[in-house]
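The values are calculated or read from the model by the stated rules, or taken from the named source; none is laboratory data. Model, not experiment: these values are computed from the prediction. Because the Cβ atoms are built from the backbone with ideal geometry, glycine has one as well, and the counts that use them run over all protein chains shown.
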């Protein structure tokens, strides 16, 4: 399975945008890029996914590099509730399960 | 529209006892996944099931652990003769189907097992 690389941790200020990077240089043409997050003491939560084009939803935006070797999850205005571990995951059409890496632990300063 | 329901939320067992964790998928979802998260560690895939079938159990320990998803009723993760190292949070997820890389999983709140 193609691997992703994320920073171990990041900090941001409340009410400011947050850009969470993810590198996936071995991505294949049919791999989707998914983001999940896990708030403290809760189950993981789906955030967003995309294939080639940038994507927006009510939670976040996903910016995908033209060569697809990297992507960025954008939280437009961080709140304290966004403090969580964010996982960038590649999912292949031939595989049904998702495999979590170690993710990025995001802290938000009030 | 209830999400993925897991129970019990907390379970305490003594070494050697059995633990049964239940998961009811979202309405309309026929695919169930179990993950384990040890304290301060990441999520590890355990098993993927469809109704009455185990599709992928590559993450299940070879002994003491089993899972089922019967035609009627919730999916069950069963741990026999529990040991202290089984203490963890067990998360269940469900999806409508598994086709394509766009498959999105919905997770439950987890069952936290403590083995004394």
Select from region A:5-25 the residues that are within 14 Å of another protein chain (Cβ to nearest Cβ) and surrounded by 12 or more Cβ atoms within 10 Å (Cβ to Cβ) and list them in ascending order. A:6, A:24
Read through the list (1) assigned to a loop (DSSP other than H, G, I, E, B); (2) within 14 Å of the chain's Cα centre (by Cα); (3) over 25 Å from residue A:86 (Cα atoms), then give the number of the only condition that residue B:54 fails. (1)
Can you run down the residue pairs with Cβ atoms below 7 Å, 6 or more apart or on separate chains, where the first is in region A:90-105 and on the phi > 0 side of the Ramachandran plot and the partner is in a loop (DSSP other than H, G, I, E, B) and at pLDDT 90 or above? A:103/A:6
Based on this model, can you work out whether residue A:28 counts as farther than 17 Å from residue A:103 by Cβ, out of contact with any strand residue (DSSP E or B) (no Cβ under 8 Å at 6 or more places or on another chain) and within 12 Å of chain B (Cβ to nearest Cβ)? yes
I'm trying to understand the selection: among the residues of region A:26-37, which are surrounded by 12 or more Cβ atoms within 10 Å (Cβ to Cβ) and part of a loop (DSSP other than H, G, I, E, B)? A:26, A:27, A:28, A:30, A:31
State whether the residues of region A:55-76 include one that is within 14 Å of chain B (Cβ to nearest Cβ), touching a residue at least 40 places away in the same chain (Cβ under 8 Å) and within 20 Å of residue B:107 (Cβ to Cβ). no
Scan region A:34-49 for residues that are more than 9 Å from chain B (Cβ to nearest Cβ) and within 11 Å of the chain's Cα centre (by Cα) and jot them down. A:35, A:37, A:47, A:48
Quick one: in region B:84-99, of everything that is in a loop (DSSP other than H, G, I, E, B) and in contact with a strand residue (DSSP E or B) (Cβ under 8 Å, 6 or more places away or on another chain), which residue is nearest to the other protein chains (Cβ to nearest Cβ)? B:98
Across region B:35-51, what is the number of residues that are within 12 Å of chain A (Cβ to nearest Cβ) and either part of a loop (DSSP other than H, G, I, E, B) or farther than 16 Å from residue B:87 by Cβ (or both)? 9
In region B:56-85, residues that are crowded, with 16+ Cβ neighbours inside 10 Å and free of Cβ contacts under 8 Å to residues at least 12 places away in the same chain total 2
For residues in region B:62-83 being assigned to a loop (DSSP other than H, G, I, E, B) and more than 15 Å from residue B:18 (Cα to Cα), which is farthest from the other protein chains (Cβ to nearest Cβ)? B:72
Output yes when any residue across region A:79-87 is under 12 Å from residue A:34 (Cβ atoms) and within 13 Å of chain B (Cβ to nearest Cβ), and no when none is. yes
The one condition residue A:39 fails out of (1) closer than 12 Å to residue A:18 by Cα; (2) free of Cβ contacts under 8 Å to residues at least 60 places away in the same chain; (3) in contact with a helix residue (DSSP H, G or I) (Cβ under 8 Å, 6 or more places away or on another chain) is (1)
